[in-house]
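Derivation of every value follows stated rules applied to the coordinates shown; laboratory data play no part. In this text, all values refer to a predicted model and were calculated from it rather than measured experimentally. When we count neighbours, we look across all protein chains shown, and the Cβ atoms used for this are built from the backbone with ideal geometry, even at glycine.
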Amino acid sequence: MKLALISLAKDDLDGNGPIALLPLFAGTLLDLQISAAQRIGCEKFIFLCPVTHGALLQKIDAMKQQGMDAEYVRSPSDLVQYASDQDHMIYIADGILPNEEIVDQLSGAPQELLFTVLHGDEYQEFERIDLNQRWLGIVSLNAARLSAMIDIPDEWEVGSALLRTAVQAECPRAIISDRKMGAGAIAHVQSEVSAGQYTRRQLNAMPAREGNFLNRFLLQPLVKRSLPRLWKKKSAPQYLGISSLTAGFAAVITAVLGYPVASLILLLTGSAAQFARAAMVQFGSAAKIRDWPGLALDLLAVAVVTILLVQVSGGTTLAPNLVIMALLLGHLLTLKAGPVDRRLALVKPDLRLVLLVLLFAAFFGQLAVGLYGAALYSGLILVLDRYLVKGLSGKTVLQDE
């Protein structure tokens, strides 16, 4: 069994408490460390905290209520009772957060590994091993080596003791290059200032979830500006999900009452809230689960458009309009199911873009015309995408020959 040993032994530079309890995103740095340990495959969590903190006890209680195995210890001598010689331990030092590449490296079969970087002036905050390398605060060890720490004095730092144990055992070293360090392989948070710097780096590196011009140039900049405030509210993702569904149900009601513009505005508002929620949960502080609120909002949007279409269609136009709508949904699902050629990313249609087109058409009382236009546009993008993909495949075959 893999177990995670996460240190809360050091206070932040401002003296406000353990570094791990500094706020980041929708929780704390500790939440991100626990999430990283979960992705590594750790099944048991041990928190090393010489001084008892109420926030840590609340976190442990919450984890136990979720069925997770979590404990905390105050001294090195207490560690042995929570691990057997058959277990494997991942130690994460104070303020250390690995990126996905390191998480993936540790998520495989258990192996002893010491993460280091070549000595440089920019790495002074990391503990020095020898003349050439510094330790990055992460080590993977057999839990049997904890027995060597039973008799160490309580005032000794566990991280340094584990480092000495790993070095004496000649554990293999994974040397992280300067290029990877510059790209954020290891985040070292020590204060509110460095926590803010890490947050800004994450925001700047935040990828576009969907790359068309509406999302990239309007929604994503708005979401980036609002995320620092949203992250201060731990329940923000839940509230955003509820808000998006509330807007969706309200859109259904206004559509039944015969207000197409209001219903489409509500759908767009709910979709924007859902976009913000998706941006929040893409960071490691939230579990990667199926986006049920997003799926529910999509179904509500289909229902709203169907209701509006029935209202504006006559006896002879209803069937053709419903066929065009089904064709439009088929185009959107096909485009969503697979990657689109990068040259078409900015103009790739999605549900939000279609709703915007329908909103403009509804302003002029031409909802059916907007539907036909959206279907024609999405079909054109789909044909171009398949043509470009086929052309690239043909070129590849000719080059191979």
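Descriptive notes on the structure:
- Where only DSSP H runs of four or more residues are counted, the chain gives -16500 deg cm²/dmol as its mean residue ellipticity at 222 nm, each run worth -39500 (n - 2.57).
- 0 to 90° range, to nearest 10: angle between helix 158-168 axis and the chain longest Cα axis: 70
- Nearest-20 debye value, the chain charge dipole, Cβ charges on Lys, Arg, Asp, Glu: 1920
- Rounded to the nearest 10 degrees, the angle from helix 351-363 to the longest Cα principal axis of the chain is 40 degrees.
- In this calculation the C-beta distance from V167 to Q124 is compared with R0 = 22 Å, giving a FRET efficiency of 0.65.
- Remark: the range 206-400 carries a charge dipole of roughly 840 debye about the Cα centre, counting +1 on each Lys and Arg Cβ and -1 on each Asp and Glu Cβ.
- Of F126, V304, V347, farthest towards positive along the dipole that unit charges on Lys, Arg, Asp, Glu beta carbons give the chain: V304
- Dipole check for the range 27-77: with +1 at the C-beta of Lys and Arg, -1 at the C-beta of Asp and Glu, and the Cα centre as origin, the magnitude is about 60 Debye.
- With 31 Å as the limit on Cα-Cα distance, the pairs of K2/K224; K180/K224; K64/K224 that go past it are K2/K224; K64/K224.
- Amide H to amide H distances under 5 Å link K2 with E43, H88, where only residues 5 or more positions off or on other chains count and H is placed in the peptide plane.
- Residue with peak Gaussian network fluctuation, the chain [Cα springs, cutoff 10 Å], from Y377, Y387, Y72: Y387
- Of [x] 4, 19, 24, 19, 15, 12, 6, 1, 0; [y] 5, 21, 30, 27, 14, 3, 0; [z] 5, 23, 34, 26, 10, 2, 0, 0, the label for P(r) over Cα pairs in 10 Å bins from 0, in percent derived from the coordinates: [x]
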